[in-house]
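The values are calculated or read from the model by the stated rules, or taken from the named source; none is laboratory data. Only a predicted model underlies this, so the values are computations on that prediction, with no experimental measurement involved. Backbone-built Cβ (ideal geometry, glycine too); neighbour counts: all protein chains shown.
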Amino acid sequence: MIVELVRHGQTTLQAEHRYVGSTDDPLSPQGAASLRPSAQVPAQVYVSRRCRTAQTADLVFPGARQLVVPGMEEMDFGRFEGRTVRELERDPAYRAWVDGMCEGRCPGGESKDEFERRACAAFLRLMDQAMADGKNRVVVVTHGGTIMAVMARYGIPRREFFSWRVEHGCGIALDADDWTQARTLRLIKETDHRRKEHHA
């Protein structure tokens, strides 16, 4: 089985460098314009409950049936949602969170560990069902943090969480042949669903 994890396009709040996790923020006009249709559109695509993943799937995989996977959403930043680093820099709770390498719980939100366990549990259910159904290709349009969580847990080669960061509109193609026995996903290549003029 081939698995592709795709990060959604840039959103309105992300364009302003704000924390966006549980907020249901849509793609910005520029984020939508940066995406191009894939040459290979699967019959179905898995998305999170956030509209930015569904909007991205519509643009990159037009016509594919969308299956919503609860639990695959980005980390909930709680009180930090929708705010910039500059707006938060004098907030003692934010300073404590940053000083703790962003591992602790955001006030009113999740800790990194809670988020990783929630996202990976949802992905595990998705993969086991896809294997049981005999699928040969799985495409998931999700969030940057979700991709990092999944890859830090299951990715080969073994790498730490933040090293698996991907750009908006990009993704990772993976070989899942060892999933049933070893619960591993081997990196094949990085993918890019952006229009050429939007490449960094």
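Worth pointing out:
- Residue under evaluation LEU13, criteria (1) in contact with an Asp or Glu (Cβ under 6 Å, 6 or more places away or on another chain); (2) over 30 Å from ASP128 (Cα atoms); (3) crowded, with 22+ Cβ neighbours inside 10 Å, criterion not met: (3)
- When the criteria are applied in full, THR184 fails the requirement of being hydroxyl-bearing (Ser, Thr, Tyr), modelled with pLDDT of 95 or more and within 22 Å of ASP58 (Cα to Cα).
- For the range 16-50, the set of residues classified as surrounded by 19 or more Cβ atoms within 10 Å (Cβ to Cβ), free of Cβ contacts under 8 Å to residues at least 60 places away in the same chain and either among the basic types (Lys, Arg) or part of a strand (DSSP E or B) (or both) consists of LEU27 only.
- Scanning the range 153-190 for residues that are hydroxyl-bearing (Ser, Thr, Tyr) and under 25 Å from ASP113 (Cβ atoms) yields TYR154, SER163, THR184.
- Any chance GLU81 is touching a residue at least 24 places away in the same chain (Cβ under 8 Å) and acidic (Asp, Glu): yes
- Of everything in the range 147-166 that is within 10 Å of the chain's Cα centre (by Cα) and not in a helix (DSSP H, G or I), the residue that is surrounded by the fewest Cβ atoms within 10 Å (Cβ to Cβ) is ARG165.
- Screening the candidates THR184, THR191 for the property of being under 30 Å from ALA132 (Cβ atoms), in contact with a Phe, Trp or Tyr (Cβ under 7 Å, 6 or more places away or on another chain) and surrounded by 13 or more Cβ atoms within 10 Å (Cβ to Cβ) yields one hit, THR184.
- Within the range 112-132, not a single residue is more than 14 Å from the chain's Cα centre (by Cα), basic (Lys, Arg) and not in a helix (DSSP H, G or I).
- Checking each residue in the range 156-177 for being farther than 18 Å from GLU74 by Cβ and touching a residue at least 24 places away in the same chain (Cβ under 8 Å) picks out ILE156, PRO157, ALA173, LEU174, ASP175, ALA176, ASP177.
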